[in-house]
Amino acid sequence: MNWTLSLRDAAPAGQALVGGKAVRLGELMIQGFDVPAGFVITTDAFVSHLMESGASALLDGDYPTPELLARVQSHPLNAEVAAAIRDAFAELSRGDPQYVCAVRSSAADEDGTSASFAGQHATYYYTREDDLETRIVDCWLSAFTLEARTYRRQMGLFSAPRMAVIVQYMLPADVSGVAFTRDPTGQNDGCLVIESCWGLGAALVDGRVSPDAYFIDRETRAIRSRRIGSKRSKVAEALLDRTGSRLEPVPRHLQRLPTLDNSAALEVADLAMRCEHAFGTAQDVEWAIVDGRLHLLQSRPVTRIATAPGNVEGRWIAFKPVLENSDEPFTPLSIDLFRRVLSPAMGFIDGRLYLNFDMLARLMPRDLPERTLADALLLRSPGTTITASWRTLPRLLVIGIAAYLSAAILFARTRRVPRVLFEGFRERCESLLANVNMNALTTLRTLVAPNRLFPPIGEQVIAANVSASRYFLLTGHLTSFLAKHAPGLSAEHVAALTTGPKDMASREMVEDIAQLARVAADSPSIAALIRANRFEDLPHQLAVHPDARPFVAALETFMSRYGHRGTREIELAAPRWREDPTPLFAMIANLLGDSPPRRPSPEERRADAESALSEHLPSRIKRTWVRYVAGRIRYFAALRENTRHWHPLAFATVRAKILTLERQLMVTGELKCADDIFYLLWDEIEDLLLGRL
């Protein structure tokens, strides 16, 4: 029997003996592609082991009972098979006792044009000679997992599996990833798509990281766009502790750095296209870079290309306040929780939040131009003057009265709200966080949509934030009024008239960050630590540095007020500054340079604009009206900014509740890795907690 074959000799042997993956790798090696050396344990060895272990029923498609699988696991390899494996490994490793290999599945029907089995069967990294036989058996057993059997049924494959195993030199990859010669999502027609991460590609294939993505034109090879992911974890290129986890954190200064420069991305694109030319069809290519050299790990057909999303009913328009925060898609748990508290006029498409344009258009006057409504929804100044005719006046009155009745109380309560009232929102969040009977969903509902009649306005920060959007309508009115009555007044002067006061939370936060930079600059050694850009080490360095006390004290004061802020604050999966201060340290580092030139303060700019207003608008009555409207705009702009400081605290509180559940599920073994919980739905989490899933 043929127990082993060199990987280079696999192609002529055929899929039935060495599996689809080995055949394709053998073909690529023959054509000169840089594929790591290896050998194949054939399906003959798989069949022989199952028969000798008393599990031959599995070869006939019988259900893999725990007893049958235990027999396969515990039975020693046939002496002849074991000897052939040892000989092949000795030739591959050339006697190096530290030689490390990857053990990979190669099922007979794997990597075909109709079924790829991507991610269904096992791959084992960091394998040395002493545990090679165990990993080979583990690979065989992966043919019988629930996931693999379900996939076979979905693909219409009802014959019993036959599994070969590939043993290859394991590349200590610095960067690795996949490349699709045609976008499998169907959303980027004409593009080749590359996804990449630090370390080995397993973290990307398993979905453990949000990879970098590069979209490259197939014809011109021009990079159309790229998206840099938050690569918080990686499968390390070397496993120092063989008993520990293969997943380790990526240094924070590398998490948002691109893994590929343009030339490397184009080199990967060229490799992928050569694979497509070799096989004559769109390819899903796995690759790795070691010390600047690109290697090919696998190439299989893209078995399914989705059509671009054209089945969305109706018209939708992006919800700009969220889009301003981030254009990345939300995680499934965030979407699931937000859906339960959002208005019916809002919805998620491809993980992003939209407004139902058709629903809102039906509420507007029939002769209102759609472009005007779109501008309003996107918080842009309308390009068309809104006029009402006698025919549409009744409809406008009905809509206006309904809108007033539905929002009048909130609008009235937020006409003049002392900023100090919102300070109580922190205590509200802290009390909910301490309440163990309030789960994440109930906490979100309580903070976003209180079901009490007339709760204190200081607890309604999100509703108050929405009500502050009337500053947009006032701005449109003021702009039109001044264009008509004071056409000589510049746009800069109009903006200065409506610029919010200096005691806004957003301005104070910027000033407090600048103050942190000034405290750091007072100590050259602390400033040098921050400028070194090793932000992941900075908390520890500050904790032990003798000169760090003033900066640490200032940082703790800052965190007590702003620790709930962060990047992508609406996304529940996003860490806050209190958890990950890296983005904050980066801002402080940027402020340690030369002091920017002094610019006129908002008050100075407003005084200049007032003088210009008197010059261009002689009418005192009209100037009084302009000042009143401008004052209202400034107030509502400040209200919007001040409440925007607090509503991230609501999301941070819900996130803290979710992380408590995640720790509980990791202790019980239901979850394996941090952040996995954000890729579940709320009902699934409850089922896990109750043992139903």
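Residues in the stretch 339-352 that are touching a residue at least 24 places away in the same chain (Cβ under 8 Å) and within 15 Å of Leu572 (Cα to Cα) were compared, and the one that is surrounded by the fewest Cβ atoms within 10 Å (Cβ to Cβ) is Arg340.
Only residues that are in contact with a helix residue (DSSP H, G or I) (Cβ under 9 Å, 6 or more places away or on another chain) and of a type outside the set (A, V, I, L, M) were counted in the stretch 87-108, giving 8. Contact annotation: residue pairs with Cβ atoms under 6 Å, 6 or more positions apart or on different chains, pairing a residue in the stretch 421-440 that is at negative phi with a partner that is open to solvent by less than 80 Å² (accessible area, probe 1.4 Å) and not in a helix (DSSP H, G or I), are Leu432/Met438. Only residues that are open to solvent by 30 Å² or more (accessible area, probe 1.4 Å), hydrophobic (A, V, I, L, M, F, W, C) and closer than 28 Å to Arg606 by Cβ were counted in the stretch 510-530, giving 1.
In the stretch 172-203, of all residues being open to solvent by 20 Å² or more (accessible area, probe 1.4 Å) and of a type in the set (A, V, I, L, M, F, W, C), the one that is farthest from Ala282 (Cα to Cα) corresponds to Trp198. Of the residues making up the stretch 313-345, those that are within 18 Å of Leu444 (Cβ to Cβ) and not in a loop (DSSP other than H, G, I, E, B) are Pro321, Val322, Asn325, Pro332, Leu333, Ser334, Ile335, Asp336, Leu337, Phe338, Arg339. Is it the case that Ala160 is buried (at least 21 other Cβ atoms within 10 Å of the Cβ) and either assigned to a helix (DSSP H, G or I) or in contact (Cβ under 8 Å) with a residue 24 or more places away in the chain (or both)? The answer is no for Ala160. Among residues of the stretch 486-505 that are in contact (Cβ under 8 Å) with a residue 60 or more places away in the chain, none has a Cβ under 7 angstrom from a residue that is of a type in the set (Gly, Ala, Ser) and assigned to a loop (DSSP other than H, G, I, E, B) at a sequence gap of 6+ or on a separate chain. List the number of the failed condition for Thr498; all other conditions in (1) surrounded by 15 or more Cβ atoms within 10 Å (Cβ to Cβ); (2) at pLDDT 90 or above hold. All conditions are met except number (2). Screening Ala589, Ala574 for residues that are among the hydrophobic types (A, V, I, L, M, F, W, C), crowded, with 16+ Cβ neighbours inside 10 Å and within 23 Å of Glu511 (Cβ to Cβ) leaves exactly one candidate, Ala589.
Has the stretch 346-364 got any residue that is in a loop (DSSP other than H, G, I, E, B) and modelled with pLDDT under 80?
Yes: the stretch 346-364 contains one or more residues that are in a loop (DSSP other than H, G, I, E, B) and modelled with pLDDT under 80.
In the stretch 531-565, which residue that is outside any helix (DSSP H, G or I) and at pLDDT 90 or above is nearest to Ala650 (Cα to Cα)? Applying the filter and picking the extreme gives His564.
Look at Leu584 and say whether it is open to solvent by less than 40 Å² (accessible area, probe 1.4 Å), in contact (Cβ under 8 Å) with a residue 40 or more places away in the chain and within 27 Å of the chain's Cα centre (by Cα). It is true that Leu584 is open to solvent by less than 40 Å² (accessible area, probe 1.4 Å), in contact (Cβ under 8 Å) with a residue 40 or more places away in the chain and within 27 Å of the chain's Cα centre (by Cα).
Selection of first residues in the stretch 60-84 that are aliphatic (A, V, I, L, M) and of second residues that are part of a loop (DSSP other than H, G, I, E, B), restricted to Cβ pairs under 6 Å at least 6 apart or on distinct chains, gives the following pairs, ordered by first then second residue: Leu68/Ala55; Val72/Ser53; Val72/Ala55; Val81/Trp3; Ala84/Trp3. Given the condition in contact (Cβ under 8 Å) with a residue 60 or more places away in the chain, in a helix (DSSP H, G or I) and among the basic types (Lys, Arg), answer yes or no: does some residue in the stretch 201-210 qualify? No, because not a single residue in the stretch 201-210 is in contact (Cβ under 8 Å) with a residue 60 or more places away in the chain, in a helix (DSSP H, G or I) and among the basic types (Lys, Arg).
Being more than 28 Å from Thr303 (Cα to Cα) and of a type in the set (A, V, I, L, M): is that true of Met1 here?
Working: more than 28 Å from Thr303 (Cα to Cα): yes; of a type in the set (A, V, I, L, M): yes.
Against the criterion (more than 28 Å from Thr303 (Cα to Cα) and of a type in the set (A, V, I, L, M)), Met1 qualifies.
Apart from one condition, Ala238 fits all of (1) part of a loop (DSSP other than H, G, I, E, B); (2) open to solvent by less than 50 Å² (accessible area, probe 1.4 Å); the exception is (2).
Does Leu693 satisfy the criteria of being in a loop (DSSP other than H, G, I, E, B) and within 30 Å of Asp206 (Cβ to Cβ)? Write out each step before concluding.
Details: in a loop (DSSP other than H, G, I, E, B): yes; within 30 Å of Asp206 (Cβ to Cβ): yes.
Criteria met by Leu693.
Got at least one residue in the stretch 549-562 being open to solvent by less than 50 Å² (accessible area, probe 1.4 Å) and either of a type in the set (Lys, Arg) or touching a residue at least 40 places away in the same chain (Cβ under 8 Å) (or both)? Yes, the stretch 549-562 contains a residue that is open to solvent by less than 50 Å² (accessible area, probe 1.4 Å) and either of a type in the set (Lys, Arg) or touching a residue at least 40 places away in the same chain (Cβ under 8 Å) (or both). Has the stretch 468-491 got any residue that is within 14 Å of Phe422 (Cβ to Cβ) and crowded, with 18+ Cβ neighbours inside 10 Å? The answer is yes; a qualifying residue exists. Within the stretch 667-688, the set of residues being open to solvent by less than 70 Å² (accessible area, probe 1.4 Å), in contact (Cβ under 8 Å) with a residue 12 or more places away in the chain and in a helix (DSSP H, G or I) comprises Asp676, Ile677, Phe678, Trp682, Ile685, Leu688. State whether the residues of the stretch 36-54 include one that is out of contact with any helix residue (DSSP H, G or I) (no Cβ under 9 Å at 6 or more places or on another chain) and either touching a residue at least 24 places away in the same chain (Cβ under 8 Å) or crowded, with 20+ Cβ neighbours inside 10 Å (or both). Within the stretch 36-54, one or more residues are out of contact with any helix residue (DSSP H, G or I) (no Cβ under 9 Å at 6 or more places or on another chain) and either touching a residue at least 24 places away in the same chain (Cβ under 8 Å) or crowded, with 20+ Cβ neighbours inside 10 Å (or both).
Restricting attention to the stretch 204-223 and to residues that are at pLDDT below 95, among the aliphatic types (A, V, I, L, M) and crowded, with 24+ Cβ neighbours inside 10 Å, the residue that is farthest from Leu257 (Cα to Cα) turns out to be Leu204. Once the stretch 406-425 is narrowed to residues that are part of a helix (DSSP H, G or I) and open to solvent by less than 50 Å² (accessible area, probe 1.4 Å), the residue that is modelled with the lowest pLDDT is Ala407.
Condition check ((1) part of a helix (DSSP H, G or I); (2) open to solvent by 20 Å² or more (accessible area, probe 1.4 Å); (3) touching a strand residue (DSSP E or B) at 6+ places or on another chain (Cβ under 6 Å); (4) among the aliphatic types (A, V, I, L, M)) across all residues:
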site	(1), (2), (3), (4)
Val72	yes, no, no, yes
Pro76	no, yes, no, no
Val81	yes, no, no, yes
Asp87	yes, yes, no, no
Gly95	no, yes, no, no
Tyr99	no, yes, no, no
Ala102	no, no, yes, yes
Asp109	no, yes, no, no
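The residues in the stretch 268-307 that are under 18 Å from Glu195 (Cβ atoms), within 26 Å of the chain's Cα centre (by Cα) and not in a strand (DSSP E or B) can be counted, and the count is 8.
Consider Ser233 carefully, then state whether it is within 22 Å of Asp675 (Cα to Cα), open to solvent by 20 Å² or more (accessible area, probe 1.4 Å), touching a residue at least 12 places away in the same chain (Cβ under 8 Å) and in contact with a helix residue (DSSP H, G or I) (Cβ under 9 Å, 6 or more places away or on another chain). Taking the combined requirement at face value, the residue satisfies it. In the stretch 496-504, the count of residues that are of a type in the set (S, T, N, Q), more than 30 Å from Ala609 (Cα to Cα) and outside any loop (DSSP other than H, G, I, E, B) is zero.
The values are calculated or read from the model by the stated rules, or taken from the named source; none is laboratory data. No experiment lies behind these values; they were computed from the predicted model shown. Every residue, glycine among them, receives a Cβ derived from its backbone with ideal geometry; neighbour counts consider all protein chains shown. We work out accessible area using only protein heavy atoms, side chains counted, and drop any ligands, DNA or RNA first. Shrake-Rupley method; radii C 1.70, N 1.55, O 1.52, S 1.80 Å.
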